[in-house]
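Comments concern the structure below.
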Amino acid sequence: MRNELRKFIIDNFLFGRDSVGFSDDDSFLEKSLIDSSGVLELVGFLEETYDIAVRDHELVPENLDSINKLLRYLAMKSTEDKEDRLAARAVS
Amino acid sequence: MQLEQFLENSARSDDRKTALIVQGRRLSYGDLDRQSNRMARALAAAGICRGDRVVICLENTAEAVVSIFAALKAGSVFALVSPASRAETLCAIVKDSGASALIIEATKLNSVQQNLRNLPLKAVFPAIEPILNSAIFAADPLPTQTIDLDLAALIYTSGSTGSPKGVMLTHLNMVSAATSIAAYLKNTSDDVIMNVLPLSHGYGLYQILTAFKVGASVILERGFTYPAAILNRMREEKATGLPLIPTMSAILSRMDLAAWDLSSLRYITNAGDAFPLHHISRIRQLLPDVELYSMYGLTECQRVSYLPPDQIDVRPNSVGRGIPNQEFFIVDDGGNRLQRGTTGELVVRGSHVMKGYWEMPEETERVLRQGPFPWEKALYTGDLFRMDEEGYLYFVGRKDHVIKTRGEKVHPKEIENILYTLPGIVEAAVVGVPDEVLGHSIKAIVVTEAAVQLTEEDVLRHCATHLEDFKVPQCVEFRARLPKTQNGKIARRELARKAEAA
C-alpha cells in the first residue's frame, strides 16, 4: 500500500521524477507537490483503489498531507467499514 | 494618502484589534505596525532608500504582510514573488526590478543562492523574525518623504513574450482601488475575511489592503488544497467574507456545505476568471443568504466592475457595472466609442490605472494610450466586452491568446518554446480547453519526427522540469501535421477556436 501510494504521488505530481526525494513524513503542501486540483485527483485514486468514500469533512491535511498520514487515514477507514458492517449485521 | 497609512490609521484607532489570524497566531494592528516599523529601520540600515525596490518572496505569512508595510514605511517599492516560483522566475524579477533588497525564506534562499550571484542586491534577509521581535531596531516610525505619486508596488504578471512584466502602481493607484473595493463590498471593521489567495497576486494582496483600510481581520491561509480545513477555520473564526476563484468555487459547489455552520458569512466574491453559471446557481442554493459578487479586473488597475448581488439571479453572466470613482467605455479598433450591445475593447480611466510596465516603454504604450482627453492616458484592457441596455458588462474574450488556468495567465508561446527544446518535437501548439475546475486546462498539440517514439509522459515530464506546475499541460495530443495559415504559420487561432468549442 505504501509503495502504491508513493507510486501514485510520483507518477501524478512529480511526473515520474523521483529526484525531489520526499520522505513518507514530508507534507505534500510544504513540498509544493499538490494543489486543490491535485487533492481531487488523490481522492479519486483513494476511492477507486481502496473502495472507500472520502467524506467532505475528511478533506483536511491531518488525513491526506503525507504518505504516512494517508496510511493512517486508510487504516482508520477500514476499521470504520468493519464497524459499519458489524453494526449493520447487529441491526438485521 | 500613502498606502502604509491603512495600517497606521487602524493601529491608531484600535491598537489591540486583530489584524491577522495566521498559523494559529493572532496579530493585532499595533503588533503589525510596530513590527513593520522595526523592519523598515532594518531596511534603511541596510542602505535601502526611497524608491528602491524590495522583492518579497514569502508564503502567505505574517512576515510577508509585515514586509510589505516595512518596505512602504522605508519609502521603497515592494514586489511580491510566490515562493512556488522557479529560481529562474524569481531571479528574473530581482534582475528586472533592479531590486536592492530581497526578503526570502531561508530554505528557498538555499535553492536560489547560485542564481542570485552577480545581481546588485544590497541586502538579503533570509529570516526576519529576530528583527521583528527584538529591540535591535526601534519600533517607532521612520520619518518619510513619500508622496502619493510615488510608486508603492510592482506587481509582476507574465508578459506577451512570457517574460515577467512589472505593473507599476503608485500609492494613489492602490489607495484608490482599495477605497472603491471596500466601498462596494461594504467592508467594516467587523469583517473577518478568509484569504487563501497568494499575496503575490493582486486579488490576494487586496484582501489585506481593503481589510486594513477599514480595520477588519484577515485569516491568512496557504491555499485551498484542503477545503475542509479552510471551512473549519471559517466556522471557528466566524468569517464574513470569502474571495474565490473559479477553481475554488468548483470544489465548494461539489461539497455538502450544510455540514459547516457558515451563518456568519456575509459575502463571497469571484474574480480571476469568469464565474461559471453552474457554480453560481449551486452556491446560491447552498448558501442562499450569502451575497455573491461577480467581479472583473486586471492587474493594471486591479478592479473594473462588480455585479451588485441583487443582480446575480437576474443577469448571472454579467460582471456588472463600474466600480466607484472610475469611467469606462467600449471602443472599436479605431478607438471610437461603440453603442450598447456592440462588442469591442474595454477602455478604463481612473486614479487606479497603473503608470505602466517597469522599464518597458513599448509594452506600456500599447496599453496606456490617449483616451477621450489629450492630457490623459487611458487603459486599453485588451479584453473584449459588450454592454447591455442598462449598462451591465458581459465579457466576450481576450484580444490575444492568453490561456487562463487556475486563475493564472499562461502564454502558449512560453510552453511551446519549452516543447521545442525536447528532441523529436517538430511542431507544437498550445491551446486552452474549457475546464470546470481549472477555468481552462492546457493542451499541447505536437508533431514528432517519424523515427522518434515520444509518449505523453515524456512530454509532460519535460514540461514539468522546465515550467512552473500551473504551466504544465494536462494533456498531449500527437498529430501527423498541424493546420497552417497562408503565411505557412501554424494556424493557432483555428486550433484555439476548436479547442474552446470542444
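The values are calculated or read from the model by the stated rules, or taken from the named source; none is laboratory data. Everything numeric here is computed off the predicted structure, so don't read it as measured data. Note that each Cβ is placed from the backbone with ideal geometry, even for glycine, and that neighbours are counted across all protein chains shown.
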Q. Do any helices (runs of 4 or more DSSP H) lying entirely in region A:1-86 carry at least 2 residues that are more than 27 Å from B:Pro246 (Cβ to Cβ), within 14 Å of another protein chain (Cβ to nearest Cβ) and not small (Gly, Ala, Ser), and which ones are they?
A. A:2-13
Q.
Looking at B:Tyr267 and the list (1) within 14 Å of chain A (Cβ to nearest Cβ); (2) in contact (Cβ under 8 Å) with a residue 60 or more places away in the chain; (3) not basic (Lys, Arg), which single condition is not satisfied?
A. (1)
Q | Selection count, region A:32-55, where residues are under 16 Å from B:Phe470 (Cβ atoms) and out of contact with any Lys or Arg (no Cβ under 8 Å at 6 or more places or on another chain) | A | 8
**Q.** Number of the exception - B:Ala92 against (1) in a loop (DSSP other than H, G, I, E, B); (2) of a type in the set (A, V, I, L, M); (3) surrounded by fewer than 23 Cβ atoms within 10 Å (Cβ to Cβ)
**A.** (1)
Q. Considering region B:231-259 alone, what residues qualify as being assigned to a helix (DSSP H, G or I) and out of contact with any helix residue (DSSP H, G or I) (no Cβ under 9 Å at 6 or more places or on another chain)?
A. B:Arg233, B:Met234, B:Arg235, B:Glu236, B:Glu237
Q. Tally time: how many residues in region B:379-419 are small (Gly, Ala, Ser), in a loop (DSSP other than H, G, I, E, B) and within 15 Å of B:Ala499 (Cβ to Cβ)?
A. 0
Q. Is there a residue being outside the structural domain of B:Glu408 (by TED's automatic domain parsing) and within 21 Å of B:Glu59 (Cα to Cα) anywhere in region B:171-187?
A. no
Q: Kindly provide the set of residues from region B:232-252 that are within 12 Å of chain A (Cβ to nearest Cβ) and within 17 Å of B:Leu292 (Cβ to Cβ), ordered by number.
A: B:Leu244, B:Ile245, B:Pro246, B:Thr247, B:Met248, B:Ser249, B:Ala250, B:Ile251, B:Leu252
Q. Scanning region B:253-281 for residues that are over 22 Å from B:Leu197 (Cα atoms) and among the charged types (D, E, K, R), which turns out surrounded by the fewest Cβ atoms within 10 Å (Cβ to Cβ)?
A. B:Asp256
Q | Qualifying residue in region B:70-77 (condition: part of a strand (DSSP E or B) and within 18 Å of the chain's Cα centre (by Cα)) | A | yes
Q. Restricting attention to region B:19-33, which residues are in a strand (DSSP E or B) and either of a type outside the set (Gly, Ala, Ser) or not assigned by TED's automatic domain parsing to the domain that holds B:Phe69 (or both)?
A. B:Leu20, B:Ile21, B:Val22, B:Arg25, B:Arg26, B:Leu27
Q. So, of the residues in region B:285-308 that are crowded, with 17+ Cβ neighbours inside 10 Å and among the charged types (D, E, K, R), which turns out to be nearest to B:Tyr156 (Cα to Cα)?
A. B:Glu300
Q) Could you count how many residues in region B:128-147 are charged (D, E, K, R) and either closer than 21 Å to B:Arg50 by Cα or modelled with pLDDT of 95 or more (or both)? A) 1
Q.
Name the residue that is nearest to B:Gly382 (Cα to Cα), counting only residues in region B:330-371 that are charged (D, E, K, R) and not in a loop (DSSP other than H, G, I, E, B).
A. B:Glu345
Q. Can you find even one residue in region B:485-492 that is away from chain A (no Cβ under 12 Å), touching a residue at least 40 places away in the same chain (Cβ under 8 Å) and either part of a strand (DSSP E or B) or over 30 Å from A:Lys31 (Cβ atoms) (or both)?
A. yes
